[in-house]
Structures are given as C-alpha cells and as structure tokens.
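The values are calculated or read from the model by the stated rules, or taken from the named source; none is laboratory data. Just so you know, these numbers come straight off a predicted model, no measurement behind them. Don't worry about glycine lacking a Cβ; one is built from the backbone with ideal geometry, like all the others, and counts go over all protein chains shown.
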Amino acid sequence: MAQPRVANRPAQAREAGYRPADRESVELNPPSLTWVAENGAASYQVQWSKTPDFKTAYSATGLRFNCYTHDKVLSPGAWYWRYSYTTAKGQVSDWSTVRQFEIPGGAVPFPLPSEAERKRLMPSGHPRLFVRPETLPGLRAAAAGEYKEKFSVLRAQADKLVGARLVPEPREPGTATVKTDMTLLRNWWKNREQTMQACTEAETVAFVYMLTGEQKYGKEARRRLMALAAWDPAAETNFRRNCEAAKPLLHRIARVYDWAYPMLSATDRKTVQAVVQRRIRDAWVSGEVGNGVGAINSPRNSHGNRTFHKIGESAIVFFGEIPEAGLWLDFALNKFYAVYPVWSDSDGGWHEGLNYWAGYMSKIVWWLHAMDVALKIDGFKKPFFSHVGDFGLYVAPPGSPNQGFGDLSHRPPSGWGHFLDYFTRETANRAPNSVYWQWWGEQWNMKSGGGILGFLYEATLPKPPAPRAPTDLPTSKLFRGTGIASMHTTLLDSADDVHFLFKCSPFGSMSHGFNPQNSFQLNAYGECLLPACVYRDWYGTGFHYKWVHETVSQNAVLVDRQGQIPHGPSPGRMVAEEHGEGWDYFCGDAAMAYGGRLKRSLRHVLFIKPDIIVLFDELEAPEPSTFQFMLHGFSEFRVDSDAQTLSLQQPKAGLLVRYMAEQPLKFKQWDGFNPAPLRGEFPNQWHVEASTVATERTAENITLLFPYKGTSAPTVKARRRDTPQATVLEIELNGKKTRAGFRKAGAPASIEAASLKIEGPVSVLRP
C-alpha cells in the first residue's frame, strides 16, 4: 500500500492555515504550530529543529489536533518545522513542506503545560473553578470581612431563592432556522433566557454555600442542580435544536457541581456527570466543534468561539472524574493557544464589530480566569489582550452615536463594565493603555461587574488603574488585522469630534462583520451623518441577508448596480497609510471582493482635519460598466444635480457633499428598506445613488465631505486639476484655502503637479 502523502494545499479563507508562516517572526515563545487538517488523519506528528535537515530535531507524536504548542520556551533565532500524520490503520505519511520561523529575543514566554503538568497543577479536590481548595479560606475571610457588603448582595439573592419556585424546563418549541415564524423565533430566544435564569439562580446559591458552609444554601444548590440535571437533553435545550439554550448547560451545571460538591452524594455526582457527558458529546459532534479538529482547523465559526471555553470549564471541574474530560481540556487549551482570538491579530480589533467584540470578550474572561486559577496559565501574555480595550476607545468614543461596523453596532456600550473591569485589573501594570480604557468605561458610565464574577474580581484581583483621559494618544488608529481605520479630531467627547471610520478587511464579509470593503461611516459633533446599516431583526432574515448584508445598504461602490460578494471571504486590504500635520490618509483595495466585476478598486481616504474629507475612487472594470457611489443618512438629502452636490441636516450637525467626477453623475434617492424588517423599531434611512451615465471601463471619482457643527452650512469652492502624474484639488472652505494632491500609479515617489510638491502617495498644503 502506497504511503499516504501530506496534501500541502493552500489554506482556504476560513481555515487557520499554516502558522507560523514561512519566515515569520513570532511574538510568543514557543509559537503555536498549526496546519491544515489532513483527510484520513487519526493523529499527527510534528518536528521542530534549528536546522532545515532535521538531523537534530525535537518531536511530538500522537497529537489529537492539527496544532501543537511546546511545553518549554525555545532558544531565540531561526527554527524549522514540519508535520506528518498517521491514519487509523497505522500508516504514516510523508513529511510536509518545511517552514521556517524566527524567535526574537524579546518574544513573550508562553509554553502550554504538558498533560502531566496539567495533572500536577489541577486541584485534586473541589472547588477548582475560579477558586482552589487552598484559596477558599482566604475568600471566605474576604466575604466575611473587607468585602462583606459586596457579598451580602449575593447572600440576599440566595435567601430569596431558598425554597422558591424553580425555573421550569423550556418546553415550547423554538428555532432560529424558520425566519418567518415569529413564534418559533421568540421561543428560541426565550428558551435561552429561561435556561440562563435557571443556571444563574443555581450558581448563586451554590456560591453562597461554598463561602458560608450553611446547609440551607447547600441543600438549595443541590435541589436546583438535580433539577437542571433532570432536563431532557433531547428536548428544547438540545444542542442541535437550540445551541443558544444548550450552551449555558455545557458549563454552568459544572459550576454548581463544583461549588456544592460536599452536598452531593455519590449517586448525585454520577447523575450529573452522565448529563454533562451527554450534553458535551452533543456539542462535540456539532459543526461548532467538529470533534475538536473542526474548531481549530476552521475557527471562523462565530458560535464555536463561545463554545470551546464552556467545554473547558467543565473539563476543569470533571478532570479525573469523566474519562473524556482530559480530551475536552486538551481541546480547549489548544484552541485558545493556537487560534484565539480568531477575528483579529495582536492589535486588539475585532472583525465582527464592537457589539460582538463585547459579547465575546464578556465570555472569554471566564476562561482567562479559570485557566489562571486551575492551571496557572496567564492568558494575558497573548499580545491581543494588551491592546484589547483600544478597539472600544477608538471606535466608540464617549457619546458616540453608533458603534461602528458589524451586526447590532447601533447599541450603546454602557453595559460592558463587567468584562472591562477584568481587563483593566489584569493589565493595570503591563498594558500602558489600560488607564485610558478605565477612563473610557467611566465616561460611558459602565459599572464594574456584579454577581459572582464581580465579587471574585474585587476580592481576588488587583485594583483597577486610575483613569486617564487619552489626551496624549494619537487621534487616529489603524487596526491592521481587521482592516479598520478610525480617524478622529478628538477622542475625548463625540460632541466635539469628527469621526471617520473606514473599512477594508482581510476577513471579507464573513460572519457578523458583513460590511463591504472600502465602506465607511461618518459621525460629527454627536450626530451620525453617514451611517452603515447594522440593524438586525433576526439573524438570516430577508431584511438581514438581502438588505443589511448587501453593498447597496452601505457607503460603498456598486458596479452596474451590483455589489460585492456577500457572506463570504471576499477580502480587501489596506495598501497605504500616511499621517501628516493635521491629516490622515488611508487607501483600501477592494477589487477582490467584487467577484471579477472590478480589476481595480482603490478608495483613497484623506481626512484633512477638522472638516474636509476627500474620497478618491479609482475603478477599472473588465467590461464597460456604470459605477454607483452610495451614501446613506437618517434624513432626506437635498440633491442639486446641476451643482453635483448633496446636503444633509441633523439637529446638532450637517453635511455638504460635492462630487467631482470626470463626467456629471446622475442621482437617485429613496428611503426605507427592501425587504423590510420583521420588526419595525429601526429608524428609517434615506439612500442616494450617484451614478455614472455612460458605460466606461474606468472611473476616477472624487467625493468631498464637509461636516459642520450646528445648522449654518459653510461656503465651499473646489477645483479639480488632473495631470499625467497626479490629481490635485484646490479647496476653499469659508475663505480658507487648502490644496491636496494624489500621486498616480507609476509616477515617481516625488513629483510636482499643478504647483504642488507631492512626496509619497499624497500631499496636503494649508497656508
């Protein structure tokens, strides 16, 4: 029989792929090695060596997942790695392509404890989750002493629950798969909320029992735990039928079991263990986990990134008690080390937007805390967590009228204090920007965490840093890993800010980060002047998928009234970034997102602060086409076709728009949504299409945006001058003259055009 061969195929867009990439300089020591899952692999082998011939190599064998992180740091310098696999019949493949990586001297030590080390570190008894047997006396003392008042809130909640009616098991059929049946949709979410309530109540009394030892709480915790264990795992909380109702039961039963452990009989424990086993087995074979391999190989499953650490919590609690718990723990740790966070790189951004960033960060703190307590793993060594708060700070400054791109990003961030508190406490002495995150949270009136975790943070973690206003930070930032550029005149208060948010993402329009490439939003002086449509009635409805996710609903470009490929890995990339005195410049390339309709799609964004924004679109289609430039607002635009201008007025601010295309544009305006949402609570939007008339292969369009405070519009004069090497703008705003020039592709790096010296891609001259 022929030897199996490693495919060595390129990674698909949804796959983690090969990490480190060839010749990559890594940030962590050791780096997590990941590779594309091989068909027919039952296990993997990996080697790493200081020489490409692997004559002296280190090896790891019998690996369950397509990744590996060593349990010791490696010496700095160049390293080489490769992998192979073994089939279920014991056949061993050839070796993969050899890849090289570089460990710099300053790489952060972050080894993954071996299975033997995990066994040594794990408490042999209970509790294990957020509390260890040896730390329990100190926590009890804190609850009775310094933090008595904080703990008394939990005790009062537990007192009300003793003997109270149990939350019943969800029985009303619900599903999110039938988008037109509102009863099923409402029941689907109601069943999740019902489950959450039942789990929270059981957790509360179990935690209070653990800290007081009082039998009344212990008996109540047992009653509620056994009631949860009696819920039918094949009914409305089944993972396949309703993953949102099933997820809490993957780990919160474990919390109650852990904290109320002394109150449980041997029979009780076996009953709970069997239930947890069944529920995690259901999740394990789902598309979210894919037997562990799927969640690591193709990690860009939004729900899957909320599932792995829940399984991890149960793995900690049942380690040594349920046979599979060791496998569950190995999966959760490998997932975190190798491919989390999945929607960002180290800069703290989040592809799915600020609302989903908040949702996932509010959950990952549980896992960070659990790993730290049970296994002494400091997850904050991952560079992402040293920048995690920057995303909120730049995307939603205090008083922002929206929260940027992504699903549900119209919601205010005021309720996010419970996880921000954890981040600022943990990074107070190692993330320089944590002082600004603390300030940002206070400006939004975010309250520190309540409930059990809030008490644990206050009683066991460092004090949060003193807040500091970001007066010394740059007012603009590119989150390169997600392709989001956030430009401001000030970070201190949206009432005084002009905020331009631009996106050209390497993640395409996958998942909840659906907004198209080279799209943007404009906020000014506390008003959202040019919004993106980020509303959602229910996930996947006609309104959500056929309007919100389509390019036509965003401030972006259409070709023959067709947009970018939705719902997929249609990538964009930031290709230029420059900053000067009083201005920011970015350029995004969105050509690949149009599915062949465009050969070239560059959008240059020049923000001349505080009140001039220049959009310069360079477009080239393979066939003669028309091009549409979309803008959206919360009120009707005033359109002047002759002057090629738009104007928009909101209560606190307004906007002038002037188009400077090669040929006059034709305008069309309408309002509403098509199709309409199933729920009607969203504010109406008006849409303006500015379209070329003649079909051409190319178009070079300039759009000038002039936001202003109040209701008095400025006076504007503008002139465009094109030369073989550059496009130059002469702008007069309220009598103040500005000149800006864009160097054309192929022109020398330093040129003079229309009496303006241009060095680099763009130049700005203000007297």
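Computed values, structure above
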item	result
Scope the stretch 485-494; condition more than 17 Å from Gly582 (Cα to Cα) and touching a strand residue (DSSP E or B) at 6+ places or on another chain (Cβ under 9 Å); matching residues	Ser494
Residues of the stretch 245-262 classified as in contact with a Phe, Trp or Tyr (Cβ under 7 Å, 6 or more places away or on another chain) and without any contact (Cβ under 8 Å) to a residue 60 or more places away in the chain, total	2
Breaking point among (1) in a loop (DSSP other than H, G, I, E, B); (2) in contact (Cβ under 8 Å) with a residue 24 or more places away in the chain, for Ala234	(2)
Which numbered condition Ala740 fails, given (1) free of Cβ contacts under 8 Å to residues at least 24 places away in the same chain; (2) crowded, with 19+ Cβ neighbours inside 10 Å	(1)
Those residues of the stretch 44-63 which are surrounded by fewer than 17 Cβ atoms within 10 Å (Cβ to Cβ) and either among the small types (Gly, Ala, Ser) or in a loop (DSSP other than H, G, I, E, B) (or both), in sequence order	Lys50, Thr51, Pro52, Asp53, Lys55, Thr56, Ala57, Ser59, Gly62
Residues of the stretch 274-283 satisfying the condition of being closer than 16 Å to Leu329 by Cβ and surrounded by 21 or more Cβ atoms within 10 Å (Cβ to Cβ)	Val276, Ile280, Ala283
Enumeration of residues in the stretch 743-762 that are free of Cβ contacts under 8 Å to residues at least 24 places away in the same chain, surrounded by 16 or more Cβ atoms within 10 Å (Cβ to Cβ) and either among the small types (Gly, Ala, Ser) or in a strand (DSSP E or B) (or both)	Arg743, Ala747
Some residue of the stretch 153-170 being in a helix (DSSP H, G or I), of a type in the set (Lys, Arg) and in the same structural domain as Ala283 (by TED's automatic domain parsing)	yes
Which numbered condition Ala593 misses (of (1) out of contact with any Leu (no Cβ under 7 Å at 6 or more places or on another chain); (2) closer than 17 Å to Ile484 by Cβ; (3) part of a strand (DSSP E or B))	(3)
Single residue of Asn523, Asn515 found to be buried (at least 24 other Cβ atoms within 10 Å of the Cβ) and either more than 23 Å from Pro412 (Cα to Cα) or more than 21 Å from the chain's Cα centre (by Cα) (or both)	Asn523
Complete set of residues in the stretch 116-145 that are in a helix (DSSP H, G or I) and acidic (Asp, Glu)	Glu117
Residue among Asp268, Asp232 that is under 30 Å from Pro137 (Cα atoms) and of a type in the set (Asp, Glu)	Asp268
Among (1) within 24 Å of Val339 (Cα to Cα); (2) assigned to a loop (DSSP other than H, G, I, E, B); (3) not hydroxyl-bearing (Ser, Thr, Tyr), the one test that Glu321 misses	(1)
All positions within the stretch 259-269 that are in a helix (DSSP H, G or I) and surrounded by fewer than 24 Cβ atoms within 10 Å (Cβ to Cβ)	Tyr261, Pro262, Met263, Ala266, Thr267, Asp268, Arg269
Condition check for Phe101: within 29 Å of the chain's Cα centre (by Cα), surrounded by 14 or more Cβ atoms within 10 Å (Cβ to Cβ), in contact (Cβ under 8 Å) with a residue 24 or more places away in the chain and closer than 30 Å to Leu456 by Cα	no
Candidates Gly90, Gly105, filtered to the one that is at positive phi, part of a loop (DSSP other than H, G, I, E, B) and outside the structural domain of Leu333 (by TED's automatic domain parsing)	Gly90
Which listed residue, of Lys668, Lys652, is exposed (fewer than 13 other Cβ atoms within 10 Å of the Cβ) and either closer than 16 Å to Leu705 by Cα or in the same structural domain as Glu618 (by TED's automatic domain parsing) (or both)	Lys668
The one condition in (1) at pLDDT below 95; (2) surrounded by 13 or more Cβ atoms within 10 Å (Cβ to Cβ); (3) not hydroxyl-bearing (Ser, Thr, Tyr) that Glu696 fails to fulfil	(1)
The stretch 169-184 residues that are touching a residue at least 24 places away in the same chain (Cβ under 8 Å), paired with ones that are outside any loop (DSSP other than H, G, I, E, B) and of a type in the set (Lys, Arg) (beta carbon under 8 Å, 6 or more apart)	Pro170/Lys190; Glu172/Lys190; Gly174/Arg186; Gly174/Lys190
